[in-house]
Structure formats: structure tokens, C-alpha cells
Amino acid sequence: MSDVQNFPQVDLAAPIKPMGKVLAITSGKGGVGKTFVSANLAAALTRRGQRVLVLDADLGLANLDVVLNLYPKTTLHDVFTGKVAIEDAIIKAPGGFSVLLAGSGLVEYSRLTNTMRDDLLSIMESLSPKFDVIILDTGAGISDVVLFAVSLASEVLLVATPEPTSLTDAYATIKVLVAQQNRTIIRTIINQTARMGDGRAITVQLQQVLDRFVQNKPGHQIRLVHVGDIPSDPAVRQAVMRRQLLMQSTPGCPAGLALSQIAIKLEETVISKLMT
């Protein structure tokens, strides 16, 4: 890995062909439940018979291991440094899906380097044939590491909450994904909603702002697709505090049922298409 004080320049505009079977779950702002959604959506899809891998692509500030109550002996860092083979770093998570965890507090992963770019590409290419779905749990925001991870995915799921700061950052993230990656479809999941229908209304509002202020290229219409809402639910906080998957502890609670419906919708509209 290159010296962290002397990062080489990486051409983020270099074209990357998005990989089939790969879903990136991202957000404009931290603290909106992105990793919670990634883990529990993986559990819901696994219950439906899908072979799922979640790769923690928040390389410097990883917390998927905390959500899953795992204490990994090997991480992506060990794969990058050649200490272990990729197969030896993949472990089973509660819920039956596979995970590839990243380290936390590693400053060398705060910026994208050519080595990191090549390593991630190689890892994704080797893993893609082995799973039905690969979920990239990215970091929040628009850093070069986050944007590169998202560029690997055929589909982007943007997690936001109804809070104004979350929506402002979601809008900024959408603009960057459109400008840098020519995304025409971005799917939204609105977490912590108070009423049924709030998430769809929020997605419509974001779409209206995009239509008004983001210059669309001819034949390049940006479309936000609302996948579902996850309602505010005390069971979510209880599961997070206990470091349990909601889909294992209380799958029949309102948030659990919502995640199940999102999994069904994704399976029918996205995953089936990517697998053909």
C-alpha cells in the first residue's frame, strides 16, 4: 500500500463497467441506518433462498462487524496486504449470509489509491460468480473511496431519513452520481418514517428538485425509484443495542415486515434482472 502521506492521483472519471449482481447501498449522510439496512436486507434475501455476500466497503470506518456482533480474525486489510486469500476472509454472519469485513481506523483507506482500486476490482471479479447477490455497504458521502465502490454496482440503493440534513446530503449525492457515473436510475429507501407514504412523498419531492435544478442530457432522464419505507420502530433500537439482526430477533415487527417487503420488491424488479 502506498505511503498515506503521498497518495497517487487516481482518475475517478476512468470508466468502470458496473458489475451484475452487485448492489451498492449508500447514503449522503452518516447515521441514517445504511449498515442496518444492508445487514438486514441481506438476511431477508437469504431467507428467500438467495446466496448473498455483504462486503463492507466503508474501508476506513467499518462497523458492519459491530452490527453483526462479529469479531473477525481476518479482514479486507489482510487480503489487500496478501496475508490471507480472499476465501479465508469470508465468514458466515448471523442470518446465514456471507460477509467480508473491513478494518476500522485505518487511515490508509481514507483516500483511493491505484493499488486499492485494482485490489477491489480483482476481489469483486473473483467473488461475483460465487453469489447471487453482492451487497456493497459503502461509506456515507461522496469521497473518492465511496464513489469508486458505488461505481462497481449495477444498482444503487440510497438510504435517507426524513430529516432535512439527510435529504440535503442525499440530493448532493444523487447529483454527483449522475454527473460522474451517468446514473439514470437511483433507488431510494427512506428509513425512520413516521407515517405510511412518507417515503414515497419524499422521493417525489427529491425528483421534482432534480427535474428543476439538475440539467438532464438529451435522452438521459434521471429517475428516482422508491423501493420502500422502514418505519420508526422501537424494535430497531433494541436490536441495534443488542447487536442483533432485526430479521432474526423480531422479523414480524413493523420495520422487519417492511424490510421483507423491500427484499421481495428488489428480488422481483432488480435481482431477477441482474441474474439473467
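What to note about this one:
- Relative to one another, the C-alpha centroids of the stretch 29-95 and the stretch 164-189 are positioned 24 Å apart.
- Dipole magnitude of the stretch 26-274 about its Cα centre (Cβ charges: Lys, Arg +1; Asp, Glu -1), debye to nearest 20: 520
- Gain in span if fully extended, Asp88 to Gln238, counting 0.36 nm per residue against the direct Cα distance: 50.8 nm
- Positive-end extreme of charge dipole, the stretch 26-274 - chosen from Gln244, Ile202, Leu41 (charges on Cβ): Ile202
- Estimated FRET transfer efficiency (Lys130, Ile264; beta-carbon r; R0 25 Å; 0.05): 0.60
- Peptides 248-257, 55-64, ordered by how many other C-beta atoms sit within 10 Å of their residues on average, highest first, read 55-64, 248-257.
- Remark: spin-label model distance Asp211-Leu70 equals 4.2 nm, labels positioned 7 Å along the Cα→Cβ axis.
- Once the convex hull of all Cα atoms in the stretch 42-158 is built, its volume per residue stands at 104 Å³.
- DSSP bridge pairs, the chain: antiparallel proportion in percent, nearest 5: 15
- Unit charges at the beta carbon, dipole of the stretch 26-274: most positive-side option, Leu266, Ile142, Ser154: Leu266
- Net +/- balance of residues flanking Leu224 in space, Cβ distance below 11 Å, scoring K and R +1, D and E -1: +3
- Shown for Glu163, Glu155, Glu108: other C-beta atoms within 10 Å of each C-beta, ranked fewest to most, produce the order Glu163, Glu108, Glu155.
- Cα-based Rg / Dmax (Å) for the stretch 149-235: 13.1, 46
- Taking each DSSP H run with n ≥ 4 as -39500 (n - 2.57) and averaging over every residue of the chain yields -11500 deg cm²/dmol at 222 nm.
- Mean Cα-pair separation over length for the stretch 196-276, i.e. relative contact order, pairs under 8 Å, 6 or more apart, %: 27
- For the chain, the relative contact order works out to 26 percent when only alpha carbon pairs closer than 8 Å and six or more residues apart are counted.
- Cross-link table Lys83/Lys273; Lys21/Lys92; Lys21/Lys83; Lys29/Lys83; Lys73/Lys175; Lys92/Lys265, entries beyond 30 Å C-alpha to C-alpha: Lys83/Lys273; Lys29/Lys83; Lys73/Lys175
- One entry in (1) -0.27, -0.34, -0.98; (2) -0.23, -0.30, -0.98; (3) -0.33, -0.43, -1.06 is log10 I(q)/I(0) by the Debye sum over Cα atoms at q = 0.07, 0.08, 0.14 Å⁻¹ calculated from the shown coordinates; its label is (2).
- Most mobile listed residue (Arg195, Arg111, Arg183) in the chain, GNM with C-alpha springs under 10 Å: Arg195
Read-outs: derived from the displayed coordinates by stated rules, not from any lab. Model, not experiment: these values are computed from the prediction. Here Cβ is always computed from backbone atoms with ideal geometry, including for glycine, and neighbour counts include all displayed protein chains.
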